[in-house]
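Quick notes on the structure that follows.
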Amino acid sequence: MLRHTALPFIAFARPHVNGDVMVTCVDHPDLAAALTTLTDTQALTAAQLQTSLSHADLSDLSPHEHDQINYWKPTVSANCCSTSGTEHH
């Protein structure tokens with residue numbers, strides 16, 4: 001499970017290989033439903049996290065966040081949150 005450190009978002013992932021920092025986004029609908037009922041979080045689906053940034057609404061992002069996107073050049077939403085701002089549980 002991944003949880004954003006500042007925003008109320010959670011997501012589920014599995015590692016590519018043991019010890020690898022890269023993950024594959026997966027869905028766990030039953031666990032997501034339980035956690036969102038018990039906490040003030042929104043569970044993001046694998047499909048949402050794989051949304052192309054060219055189709056994402058980035059208007060609410062700060063100038064710093066836009067700078068980070070320009071620097072790292074992610075292609076999908078999941079790449080934006082895979083390391084920075086997340087805690088792995």
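Which members of region 17-47 meet the condition of being of a type in the set (Asp, Glu) and within 18 Å of Leu7 (Cα to Cα)?
As a first pass, look at region 17-47 and keep what is of a type in the set (Asp, Glu): 20, 27, 30, 40.
Within region 17-47, Asp40 is the sole residue that qualifies.
Tally the residues that are out of contact with any helix residue (DSSP H, G or I) (no Cβ under 9 Å at 6 or more places or on another chain) and at pLDDT 90 or above, restricting the search to region 36-59.
Matching residues across region 36-59 total 7.
Out of the residues in region 46-76 meeting the condition of being in contact with a strand residue (DSSP E or B) (Cβ under 8 Å, 6 or more places away or on another chain) and under 14 Å from Phe9 (Cα atoms), tell me which one is surrounded by the most Cβ atoms within 10 Å (Cβ to Cβ).
Initially, region 46-76 is screened for residues in contact with a strand residue (DSSP E or B) (Cβ under 8 Å, 6 or more places away or on another chain), giving 46, 49-53, 75-76.
Add one more test, that the residue is under 14 Å from Phe9 (Cα atoms), and what stays is 46, 49.
Details: Ala46: 15, Leu49: 23.
Once the filter is applied, the top-ranked residue is Leu49.
Restricting region 19-45 to residues that are touching a residue at least 40 places away in the same chain (Cβ under 8 Å) and under 13 Å from the mean Cα position of the chain (by Cα), which is surrounded by the fewest Cβ atoms within 10 Å (Cβ to Cβ)? Working first, answer last.
As a first pass, look at region 19-45 and keep what is touching a residue at least 40 places away in the same chain (Cβ under 8 Å): 21-23, 25.
Then drop every residue that is not under 13 Å from the mean Cα position of the chain (by Cα), which leaves 22-23, 25.
On the way: Met22: 10, Val23: 19, Cys25: 21.
Ranking the candidates gives Met22 first.
For Val23, are the conditions met, namely being touching a His at 6+ places or on another chain (Cβ under 9 Å) and modelled with pLDDT under 90?
Numbers: touching a His at 6+ places or on another chain (Cβ under 9 Å): yes; modelled with pLDDT under 90: yes.
Taking the combined requirement at face value, the residue satisfies it.
The values are calculated or read from the model by the stated rules, or taken from the named source; none is laboratory data. Note that the coordinates shown come from a computational prediction; the quantities given were computed from them, not determined experimentally. Cβ sites come from the backbone with ideal geometry, for glycine too, and all protein chains shown count toward neighbours.
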